[in-house]
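The structure appears right after this line, and notes come after that.
The values are calculated or read from the model by the stated rules, or taken from the named source; none is laboratory data. No experiment lies behind these values; they were computed from the predicted model shown. Every residue, glycine among them, receives a Cβ derived from its backbone with ideal geometry; neighbour counts consider all protein chains shown.
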Amino acid sequence: MSENALIVYESMFGNTERIARAVRDGLRAYLPAETVPVNQAPDVVPADVRLLVVGGPTHAFSMSRLSTRQDAWKQGGLVTPVEVGIREWLAAMKQPAGDQVKRLQVTTFDTRIARVRRLPGSAARSAAKLLRRRGYQMLTTSESFFVNETTGPIRDVEIERAERWGAELGRLLTGSAKVA
């Protein structure tokens, strides 16, 4: 069975989606990787997925809630429906069959406003905590990427950093020292 990476993301204004795609691009040097918006994500991680990466925006020091997504909606320009975010998806996600939970590695990332980068709380850390509680093994610590303002833009340096992080995830997962 081939091994793949799946990046599930929540993106209000497109910034987190850009990070998810950059992580995917970095991972693709090591294994097939795909992105999927959270509102289209499967309720069970497919059996061929070896790495699950979950990302979303930090809202009020954690994963978004319906109320915070509705507040974002009022700002206009949303690229995703507000009904479901990574919080709801993770809560509804069914455990995979067999030993996939032991084999599956997970990691998380978030986007946050650059001027408040040192504040406590993070969507990535909250998602990682929930995944660990459900028995999943973390591949590495969570990562944060920074946007200039609530709606963006996200700087190119953050996109490049996300691609490098994706490549590092691929190296960690495969134990490879060189690009495949």
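Note on region 121-142: residues that are in a helix (DSSP H, G or I) and touching a residue at least 24 places away in the same chain (Cβ under 8 Å) amount to 6.
Among the residues of region 18-39, those that are out of contact with any helix residue (DSSP H, G or I) (no Cβ under 7 Å at 6 or more places or on another chain), modelled with pLDDT of 95 or more and not in a strand (DSSP E or B) comprise Ala20, Arg21, Arg28, Pro32. Look through region 1-18, keep the residues that are touching a Ser or Thr at 6+ places or on another chain (Cβ under 6 Å) and among the β-branched types (Val, Ile, Thr), and return whichever of them is surrounded by the most Cβ atoms within 10 Å (Cβ to Cβ). That would be Thr16.
If the requirement is being more than 13 Å from the chain's Cα centre (by Cα) and either at pLDDT 90 or above or under 27 Å from Pro32 (Cα atoms) (or both), which of these qualifies: Ala91, Ala124? Give the steps one after another, and end with the answer.
Values: Ala124 fails: more than 13 Å from the chain's Cα centre (by Cα).
Only one candidate qualifies: Ala91.
Tell me which residues, restricted to region 143-165, are surrounded by fewer than 20 Cβ atoms within 10 Å (Cβ to Cβ) and outside any helix (DSSP H, G or I). Hits for region 143-165 are Ser144, Phe146, Asn148, Glu149, Thr150, Thr151, Gly152, Pro153, Arg155.
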